[in-house]
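Undergrad: Okay, here's the structure, questions in a sec.
The values are calculated or read from the model by the stated rules, or taken from the named source; none is laboratory data. Here the structure is a predicted model, which means the values were calculated and not measured. Here the Cβ positions follow ideal geometry from the backbone for every residue, glycine too, while neighbour counts run over all protein chains shown. Each accessible area value is taken on the protein alone, full model and side chains, heavy atoms only, with ligands, DNA and RNA left out. Shrake-Rupley method; radii C 1.70, N 1.55, O 1.52, S 1.80 Å.
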Amino acid sequence: MAPPWCLCWALLPALALALLGLAAAAGPRQTPALELAEELAEELWSAGLPGDLPELEPECRSLLAAFAEGSAALTGCLGRRARPVRLCQGCHGHYRRLLAQYDSIARAVGNSSESHNCAKSILTSDRLQIVVTLSEFFNETWEAANCANCLKNSSEGLSNSTEEFLDLFNKSLTCFEHNLQGQVTDLSPNNYTEVCKNCNETYTRLNDLYNHLQRMNRQGGESAHSAHLCIDVEDAMNITRKLWSRTFNCSLPCSDTVPVIAVSSFILFLPIVFYLSSFLHSKQKKRILILPKRIQSNANLVNIQEKYS
């Protein structure tokens, strides 16, 4: 039979885990129980227990808790700004902080020489690798949204072109709303002539700026998503175009009308020019062929006149 002190030593890990579970279930009010559980866990750790137990050093636990809070904040931000899409505008601060927290975990080293560093313990100590999976998900989402095209190089705020576009976007929506309020009592719901007339200038500027940003992005982009602007700008433009063309049934005069008419007219007259040139060319050949016969007949006439003279 084992001595009583051995039995107590064997029950210490179970007691520590029970206290930790009790403290977690009780919530933040049970701070004494939580402190007792942490002290007991530290005593077990310093007593020479195996180093591969699923326990983190205080420094590593703090880094993991910060990453968990940052992930929750970014997830909430993405969910709240899903429709209409405002991810890049409202969540770039959360994303930047989460990147810094993940980098802190990847570079951190635990204080204890007998334990693994924080990066290995948190990132690669199990098959699931929750922290790595979460980080990859957020990075892929941010890249797919092309938020870098909306932000400054340091990602600390929106770029000047994005702010200009969003300002025109808000002005367009304000113009739509203002003119709708002015004609709702006088006109039928399907007649939006006032909207089309009064908001044409603002919408044209917005549309031209969007096309300019698209051209600039295609010229300078080399990534797989270079053909797209950031999702905030694209969604805002899609909303405005649907309102303009489908809801209000407005249209813009095409700026390429003159070149299209010129090219079409040129192609239309090509057959006429071809047949006319062919006709004139064939007529000229006939003249060249007939000319020697006339010369020969004139020569015969001269000979006959000389003979009878």
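Undergrad: Got a number for residues in the range 152-173 being without any contact (Cβ under 8 Å) to a residue 40 or more places away in the chain and of a type outside the set (D, E, K, R)?
TA: Here the count works out to 5.
Undergrad: Find all pairs meeting these conditions: Cβ atoms under 9 angstrom apart; at least six residues apart or on different chains; first residue within the range 125-151 and under 23 Å from GLU164 (Cα atoms); second residue crowded, with 17+ Cβ neighbours inside 10 Å and acidic (Asp, Glu).
TA: Listed pairs, sorted by first residue: ALA145/ASP232; ASN146/GLU234; CYS147/ASP232; CYS150/ASP232.
Undergrad: Could you say which residue among SER255, SER251 is open to solvent by 80 Å² or more (accessible area, probe 1.4 Å), modelled with pLDDT of 70 or more, outside any helix (DSSP H, G or I) and farther than 30 Å from ALA144 by Cβ?
TA: Unique residue meeting the criteria: SER251.
Undergrad: Are there any pairs with C-beta distances below 8 angstrom linking a residue in the range 93-107 that is within 12 Å of LEU74 (Cα to Cα) to a residue that is open to solvent by 70 Å² or more (accessible area, probe 1.4 Å), with the two at least 6 apart or on different chains, and if so which?
TA: Partner pairs satisfying both residue conditions: ARG96/GLU156.
Undergrad: Restrict the check to the range 213-234 and report whether at least one residue is within 22 Å of ARG86 (Cβ to Cβ), at pLDDT 95 or above and open to solvent by 50 Å² or more (accessible area, probe 1.4 Å).
TA: Taking every residue of the range 213-234 in turn, at least one turns out to be within 22 Å of ARG86 (Cβ to Cβ), at pLDDT 95 or above and open to solvent by 50 Å² or more (accessible area, probe 1.4 Å).
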